[in-house]
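Reading through the C-alpha cells given below for one structure.
Since every read-out is calculated from the coordinates, none of them should be taken as a lab result. All of these numbers come straight from a predicted model, not from anything done at the bench. Note: ideal-geometry Cβ built from the backbone for every residue, glycine included; neighbour counts use all protein chains shown.
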Amino acid sequence: MKWLTRIVIGILIIILVGFFGLWIAGQRSDRGHFAASIMIDRPINEVYNALIDPEMTKKWVSGIAEIKRLTPGNTHVGTKLLLIEDVSGHRVSMEEEITDLQPPRLVKYTTQSQGNPLHSFTELGEYQLEEKDGKTQFTLDSHITYHGFLYSLFEPLITPSVKSKFAGDQMTLKKILEQGK
C-alpha cells in the first residue's frame with residue numbers, strides 16, 4: 001500500500017511542477033508575441049492587395065474555412081470580417097477589424113475570438129510591407145492575449161505553434177504569388 005501512496009504523490013508532484021513551470025514560462029516579457037518575415041519576389045502592391053482580399057486570404061491562411069464581410073465596401077479602417085477557422089477539428093469564430101491602413105505598406109488589425117470566454121483570445125497584429133528591388137519584405141508582427149486560466153497557463157505551448165503556423169502561411173502566400181509571375 002505504501003508504494004501506491006508514493007506513486008500517487010510522485011504523480012501529483014510531477015503535475016504541480018509542470019503547472020509551476022508553465023506559469024513561470026508564462027511570465028516572460030514577450031508572452032504571446034511573435035514576428036515572422038519573408039521576402040516575396042513580387043511588387044509591393046501585389047502583395048498588399050493579396051493581404052486585404054478575403055478570397056485570397058482563404059487561399060494562404062491555413063485552416064480558414066469561411067470569411068464573411070460584416071462591413072460593406074472596399075477594405076478600409078473599420079472594416080469588420082467574420083472568420084471561421086478549423087482548429088484541430090473544432091470550428092473557431094473570430095471577428096477581425098482593420099484598425100489602420102497605410103497602403104501599400106501597413107495593415108493593422110484586431111482579432112477577437114467568439115464563443116466561450118474561458119477559451120478566448122485577442123490578437124493585435126500588423127502586416128508590414130517594404131519594397132526592395134522589386135521584391136517585397138512581408139513581416140507579420142502579432143501579440144495574442146489568451147483569456148481564461150487554462151488557456152493563459154498553456155500560452156507558452158500555444159504561442160510557438162501559432163508562430164509556426166503563421167510562418168507556414170507566409171510561405172504559402174509566397175508560393176501562390178510567385179507562381180503567378
(request) Determine the relative contact order of the chain: mean sequence separation of Cα pairs under 8 Å and six or more apart, normalised by residue count, in whole percent. (result) 26 percent
(request) Please work out the Cα center distance from the stretch 108-122 to the stretch 1-51, rounded to the nearest Å. (result) 18 Å
(request) Can you tell me how much longer the chain between Glu130 and Val87 gets when fully stretched, taken as 0.36 nm per residue apart minus their C-alpha distance, in nm with one decimal? (result) 12.4 nm
(request) About the Cα centre of the chain, how large is the charge dipole given +1 on each Lys and Arg Cβ and -1 on each Asp and Glu Cβ? Please answer in debye to the nearest 20. (result) 640 debye
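List the DSSP H helices in the chain whose Cα atoms stretch 27 Å or more along the helix axis and whose mean Kyte-Doolittle hydropathy is at least 1.6. Numbers along the way, then the final one.
Working: long enough: 2-25 (34 Å, 2.10); 155-179 (36 Å, -0.34).
Span-like helices, by this rule, are 2-25.
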(message) Order these by the 10 Å Cβ neighbour count, fewest first: Glu85, Glu46.
(response) Glu46, Glu85
